[in-house]
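Below: one structure, written as C-alpha cells.
Values quoted throughout were computed directly from the atomic coordinates according to the rules given, and no laboratory measurement underlies them. Quick caveat, the model's predicted, so the values are computed rather than measured. With ideal geometry, Cβ positions are generated from the backbone for all residues, glycine too; neighbour counts draw on all protein chains shown.
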Amino acid sequence: MRRTDKINYYLDIAETVAERGTCLRRNFGAIIVNRDEIISAGYTGAPRGRKNCIDTGFCIREKLGIPRGERYELCRSVHAEMNAIISASRNEMIGGTLYLAGRDARTGEYIPDPAPCSMCKRLIINAGIVRVIARRNRTEYSVTDVRDWIENDESLTGQFGY
C-alpha cells in the first residue's frame with residue numbers, strides 16, 4: 001500500500017468538501033490548514049437560509065451568459081474560500097495554507113486552472129493565509145505564495161488573471 005502525500009491528502013479532503021456544493025456551474029471545496037491541523041472548511045453555496053441554485057433550478061450568471069471571473073455580485077453563492085475564512089478565527093489562519101479543489105458541476109471534470117477570484121484573494125490576504133494550493137487534476141496542483149498577490153496587485157493594473 002502506498003501512502004498519500006500530505007498535499008494530496010488535504011486536496012482530497014477539499015475535493016470531498018466540494019461535493020456539498022450547490023452551484024450549477026462549478027463547485028469548489030476549500031480547507032484551511034495550519035500547523036498540520038484543519039482549521040475550517042467551506043464549499044460553494046448560497047448564504048444560510050437562502051435557496052441554492054440547485055433548488056431554484058437556474059443560474060442567473062449562466063442565463064445572462066456571463067463568463068467566469070466576471071460579475072460575481074450577481075451570483076447567489078458564497079465562494080468556498082469565503083466560507084472557509086468566515087468559519088475560522090484570524091488568529092488560527094495566520095501563517096496557514098488554503099487548499100482548493102473544484103469540479104465542473106455538469107461534467108464532473110476538474111477545473112483545469114483553479115484560482116481564487118479577486119474578492120477571495122483579498123479575503124485570503126487579510127486572513128493571514130500565506131499559501132494557496134489548488135488542484136488542477138488528480139495528480140497536479142499549483143502552489144501560490146500569497147505575497148505574490150500583495151506585491152503584484154491586479155487591482156492597480158486591471159489584469160485580474162481569471
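Structural remarks
- Over the residues of the chain, the helix contribution to mean residue ellipticity at 222 nm works out to -7500 deg cm²/dmol, using -39500 (n - 2.57) for each DSSP H run of at least 4.
- Computed over the chain: relative contact order in percent, which uses C-alpha pairs under 8 Å that are six or more apart: 22 percent
- Choice from Thr144, Thr56, Thr97 with maximal GNM fluctuation in the chain (Cα, 10 Å cutoff): Thr56
- Given 14 as the ceiling on other Cβ atoms within 10 Å, longest exposed-site-free region of the chain for GluC sites (Glu not before Pro) in DSSP loops: 20-69
- Neighbourhood charge, 13 Å Cβ-Cβ cut-off, centred on Gly69 and excluding it, Lys, Arg +1 and Asp, Glu -1: +2
- Beta bridges by DSSP in the chain, antiparallel share as percent, to the nearest 5: 85 percent
- In this rough spin-label picture, where each label sits 7 Å from Cα along the Cβ direction, the Glu151-Thr107 distance is 3.5 nm.
- Each 5 Å bin from zero holds the following percent of Cα-Cα pairs in the chain: 2, 9, 19, 22, 21, 15, 8, 3, 1, 0.
- Contour minus Cα-Cα distance for Ile86 and Asp36 (0.36 nm per residue): 16.0 nm
- Three-way shape label, the range 89-150, alpha-carbon gyration tensor, a/c 1.5: prolate
- Calculated FRET value between Ile54 and Tyr9, using beta carbons and R₀ = 30 Å, to 0.05: 0.60
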